[in-house]
Amino acid sequence: MKILDGIRVLDLTNVLSGPFSTLHLALLGAEVIKVENPKDGDLARKLGAKSEYNKMLLGTSFLAQNANKKSLTLNLKAPEGKEIFKKLVLKSDVIVENFRPGVMDKLGLGYNQLVKINPKIIYCAISGFGQDGPDADKPAYDQIIQGLSGVMAINGDQTLNPLRAGFPLCDTVGGLNAAFAIMAALFHRERTSKGQFIDIAMLDSIMPLMGWVVSNWLIGGTHPELMGNENFTAAPSGMFKTQDGYMNIAANKQEQFETLCDLIEMPELKSDPRFKERDIRKKNRYELNSLLETKLTQNTTAYWTKLFNDNSIPSGEILKLEDAVIQEQVKWRKTFNTVNMPGIGEIPLFNLTAKFSETPGFVETPPPLLGEHTESILKENNYSDDEIKIFKEKGII
């Protein structure tokens with residue numbers, strides 16, 4: 001049994017924040033039905049590094065977020081499409097959408113309309129700024145939220161700032177927040193039999209992830225420094241040059257610093273008044289880093305990382321992406337699973353990264369072709385072959 005066996009999710013989302021949320025529900029065993037427009041479906045089907053896949057409506061961006069799901073094409077602007085959707089709502093548990101606020105209401109398919117059909121429905125709306133407030137109606141993409149949240153302002157260093165994160169951070173975090181909220185709402189419904197409306201804003205979602213930095217300012221009155229690869233909470237903690245490249249070291253505890261000094265044969269640093277105490281050491285971090293690198297550059301990254309880790313000093317290589325995804329720890333943890341994608345072949349996709357002892361979640365089916373499950377879903381809802389044929393002719397599906 002999977003955790004969400006028997007839970008049906010109607011997924012009206014596009015691109016990343018919503019699909020990333022419903023991916024987690026699908027990996028947990030929910031039946032997730034992507035409701036896509038009949039013309040070209042989720043915009044992410046056209047997004048990705050390989051143009052030939054984009055033309056197939058199987059962009060890599062889509063493939064990454066949509067395993068274990070079904071695809072139903074449906075024109076929600078047509079009366080027949082609305083009627084089919086309402087039938088599905090009657091037999092569903094969760095609706096997820098990431099349109100701008102008010103879009104579903106204008107279609108006559110907002111929460112207030114659908115809750116009359118199914119009082120136990122859980123409706124999750126994901127947007128850039130939330131359903132209310134002075135900015136609610138503004139359009140938003142990940143980079144817009146990175147800028148407005150302060151994320152870009154605290155990244156980089158004096159030579160490169162502001163700086164965005166190298167992946168769609170706010171979209172992804174918004175999706176995780178939505179998945180967490182939906183699971184909580186399902187738990188609440190289990191105890192009370194009551195559904196509810198969930199309002200997820202990407203701007204809200206990213207703020208708590210900056211907790212230490214934000215609290216240092218709001219509570220401590222200390223503005224974040226632009227420190228690049230340095231860790232503002234400790235020293236030596238950051239990126240260091242070695243004989244053959246770079247490595248990360250995080251000697252965040254006093255005993256780790258002292259052990260590090262002994263291992264690199266510079267014990268005198270432990271009693272140096274510039275470095276002896278933690279807070280003073282942070283103020284003199286760049287002098288300390290320079291001294292450490294005179295030793296670190298005498299041997300390889302592999303040598304130092306083994307020596308430090310063997311002595312309880314956290315350290316590691318700085319891997320290229322192509323090396324990171326094939327490292328032994330990732331293989332051991334089964335972070336990816338390979339499935340056969342029709343028209344493409346074998347592709348690796350993320351498994352559920354939370355490891356449940358009783359109810360593990362894995363990629364079992366590839367992302368759906370556009371409309372792949374339309375006929376089967378309609379037949380399950382008692383539509384005849386003749387009706388389905390008419391829906392196709394009218395562009396409803």
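The values are calculated or read from the model by the stated rules, or taken from the named source; none is laboratory data. What you are looking at is a predicted structure, and each value in this text was computed from that prediction instead of being measured. Using ideal geometry, Cβ is built from the backbone for each residue, glycine included, and neighbour counts are taken over all protein chains shown.
Of note:
- Which numbered condition Glu277 misses (of (1) without any contact (Cβ under 8 Å) to a residue 12 or more places away in the chain; (2) surrounded by 13 or more Cβ atoms within 10 Å (Cβ to Cβ)): (2)
- Within region 304-346, if we keep just the residues that are surrounded by 15 or more Cβ atoms within 10 Å (Cβ to Cβ) and among the aromatic types (Phe, Trp, Tyr), the residue that is nearest to the chain's Cα centre (by Cα) turns out to be Phe336.
- Within region 113-133, residues that are free of Cβ contacts under 8 Å to residues at least 60 places away in the same chain sit with their Cβ atoms under 6 Å from residues that are among the basic types (Lys, Arg) and in a helix (DSSP H, G or I), at 6+ positions apart or across chains, in these pairs: Ile117/Lys86.
- Checklist (1) closer than 29 Å to Lys138 by Cβ; (2) touching a strand residue (DSSP E or B) at 6+ places or on another chain (Cβ under 6 Å); (3) outside any loop (DSSP other than H, G, I, E, B) applied to Leu72, failing item: (1)
- Of all residues in region 351-382 being without any contact (Cβ under 8 Å) to a residue 40 or more places away in the chain and more than 32 Å from the chain's Cα centre (by Cα), the one that is surrounded by the most Cβ atoms within 10 Å (Cβ to Cβ): Lys379
- Among residues of region 155-177 that are free of Cβ contacts under 8 Å to residues at least 24 places away in the same chain and farther than 13 Å from Asp204 by Cβ, none has a beta-carbon under 7 Å from a residue that is among the hydroxyl-bearing types (Ser, Thr, Tyr) and surrounded by fewer than 17 Cβ atoms within 10 Å (Cβ to Cβ) at least six positions away or on a different chain.
- Sole residue being of a type in the set (A, V, I, L, M, F, W, C) and at pLDDT below 95, chosen from Ala78, Ala49, Ala26, Ala44: Ala49
- Boolean, Ile145 is in a helix (DSSP H, G or I), crowded, with 23+ Cβ neighbours inside 10 Å and either of a type in the set (Val, Ile, Thr) or in contact with an Asp or Glu (Cβ under 7 Å, 6 or more places away or on another chain) (or both): yes
- Applying the criterion of at least 2 residues that are closer than 23 Å to Ala67 by Cα and out of contact with any Gly (no Cβ under 6 Å at 6 or more places or on another chain) to the helices (runs of 4 or more DSSP H) found wholly in region 309-397 leaves 321-324, 328-332, 374-380.
- Lone qualifier among Gly175, Gly228, Gly238, Gly195 - being crowded, with 17+ Cβ neighbours inside 10 Å, in contact with a Gly (Cβ under 7 Å, 6 or more places away or on another chain) and among the small types (Gly, Ala, Ser): Gly175
- Boolean, Ile264 is modelled with pLDDT of 95 or more, surrounded by fewer than 16 Cβ atoms within 10 Å (Cβ to Cβ) and of a type in the set (Val, Ile, Thr): no
- Evaluating Cys170 against the criteria (1) crowded, with 22+ Cβ neighbours inside 10 Å; (2) under 30 Å from Glu387 (Cβ atoms); (3) out of contact with any strand residue (DSSP E or B) (no Cβ under 6 Å at 6 or more places or on another chain) leaves one unmet condition, (2).
- Boolean, Ala67 is in a loop (DSSP other than H, G, I, E, B) and at pLDDT below 95: no
- Looking only at region 88-137, and only at residues there that are part of a helix (DSSP H, G or I) and basic (Lys, Arg), the one that is nearest to Ile198 (Cα to Cα): Lys116
- Against the conditions (1) surrounded by 14 or more Cβ atoms within 10 Å (Cβ to Cβ); (2) not assigned by TED's automatic domain parsing to the domain that holds Asp262, Asn289 satisfies every one except (2).
- Count of residues meeting criterion [farther than 21 Å from Leu378 by Cβ and surrounded by 18 or more Cβ atoms within 10 Å (Cβ to Cβ)] in region 17-44: 12
- Selected residue (only one of Thr259, Thr335 is under 30 Å from Gly29 (Cβ atoms) and of a type in the set (Ser, Thr, Tyr)): Thr335
- Screening Asp204, Asp157 for residues that are over 18 Å from Thr22 (Cβ atoms), surrounded by fewer than 14 Cβ atoms within 10 Å (Cβ to Cβ) and among the acidic types (Asp, Glu) leaves exactly one candidate, Asp157.
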